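Input: a single structure, listed below in structure tokens.
The values are calculated or read from the model by the stated rules, or taken from the named source; none is laboratory data. Quick caveat, the model's predicted, so the values are computed rather than measured. So basically every Cβ, Gly included, is an ideal-geometry build from the backbone, and we count neighbours across all protein chains shown.
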Amino acid sequence: MKRMRIALVAAAAASALALAGCATGGGGEAEPTEEASAPTFEAGTTMAELAEAGEITVGTKFDQPLFGLVGPDGVPVGFDVEIAKIIASELGISEDSITWTETVSANREPFIENGQVDIVVATYTINDDRKQVVDFAGPYFEAGQSILVLEDNEDIQSEEDLVGQPVCSVSGSTPAANLREIGAEVFETDTYSNCLEPLRSGQVVAVSTDNVILAGLVDQNPGEFKVVGEPFTQEPYGIGLMKGDDEFRSFINDVLEASYEDGSYEAAWEATAGTVLEFREPPAVDRY
């Protein structure tokens, strides 16, 4: 079932006006006002179940600056985190009722299939192989694979320079598969942050993944690394959910499109990844 944000805002506005008309009595003292009603959804839908529970479990990255990084208080911050909060809010779920579960590249599909998470928002590239196992809403952002090297490295300038070279990436990721296709010797680990020490020590010559992830690593480690060359792939980020849940996917797509219009998407970007990267218009969602 689809529920457009505009309709909800209009209903809330009408309710507010009605309450304002009877907010004061003859003595001029303000009377208590009613709280805005929670959103309602068709019975039996995932949206209805989550709204009734008042909580949602979201899989995201815990080690990727700008998109999903655990802060000092143990709560992740970043653009993906903010996108998840927008979706939760449209279900009537507050930030403090979100359970954040770390999802690395290799366990995103199993966590969705097993019901360990309700959605995954974790720099999650949409591709045909993954769509055989899970569904995607979005895309809400398009990245591109690039290359991270030591600050003083002048030998590597493009993906062609990685052929036959040891390059670090993450197990189960699209970038690792792409590196094999171009002939690089792939050194795999579970998280991109664990690629940095092999790069520092010379065990690998580069780290390769999406440009926005690499930009975050550069920002977090000033003076140590740099991103070189132009992106050599297109990586559309989507929101993973249970295969076959068409109503939930349509709902999330509606929420995304509404966030593009009402400014909440851009505000989420500027507060996180936008501190380092320029804002780009989001791609059109794919209602496959």
Tell me whether segment 246-262 contains one or more residues that are assigned to a helix (DSSP H, G or I), touching a Lys or Arg at 6+ places or on another chain (Cβ under 7 Å) and in the same structural domain as I156 (by TED's automatic domain parsing). no
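What residue, of S201, S171, is over 30 Å from M47 (Cα atoms), surrounded by fewer than 23 Cβ atoms within 10 Å (Cβ to Cβ), at pLDDT below 95 and not assigned by TED's automatic domain parsing to the domain that holds Q132? Full working, then the answer.
Values: S201 fails: at pLDDT below 95.
Being over 30 Å from M47 (Cα atoms), surrounded by fewer than 23 Cβ atoms within 10 Å (Cβ to Cβ), at pLDDT below 95 and not assigned by TED's automatic domain parsing to the domain that holds Q132 holds for just one of S201, S171, which is S171.
Over 16 Å from the mean Cα position of the chain (by Cα) and either surrounded by 18 or more Cβ atoms within 10 Å (Cβ to Cβ) or assigned to a strand (DSSP E or B) (or both): does that describe V149? Break it down into steps so the answer makes sense when it comes.
Numbers: over 16 Å from the mean Cα position of the chain (by Cα): yes; either surrounded by 18 or more Cβ atoms within 10 Å (Cβ to Cβ) or assigned to a strand (DSSP E or B) (or both): yes.
It is true that V149 is over 16 Å from the mean Cα position of the chain (by Cα) and either surrounded by 18 or more Cβ atoms within 10 Å (Cβ to Cβ) or assigned to a strand (DSSP E or B) (or both).
Scan N221, N178 and give me the residue that is outside the structural domain of I86 (by TED's automatic domain parsing) and buried (at least 16 other Cβ atoms within 10 Å of the Cβ). Let's see the steps before the verdict.
Numbers: N221 fails: buried (at least 16 other Cβ atoms within 10 Å of the Cβ).
Every option except N178 fails the conditions.
D129 - would you say it is over 19 Å from V228 (Cβ atoms), among the acidic types (D, E) and in contact (Cβ under 8 Å) with a residue 60 or more places away in the chain?
On the way: over 19 Å from V228 (Cβ atoms): yes; among the acidic types (D, E): yes; in contact (Cβ under 8 Å) with a residue 60 or more places away in the chain: no.
No; evaluated as a whole, the condition is false for this residue.
Do you know which residues across segment 152-164 are surrounded by 16 or more Cβ atoms within 10 Å (Cβ to Cβ) and out of contact with any helix residue (DSSP H, G or I) (no Cβ under 6 Å at 6 or more places or on another chain)?
Narrowing segment 152-164 to residues surrounded by 16 or more Cβ atoms within 10 Å (Cβ to Cβ): 153, 156, 159, 161-162.
Correct list: N153, I156, D161, L162.
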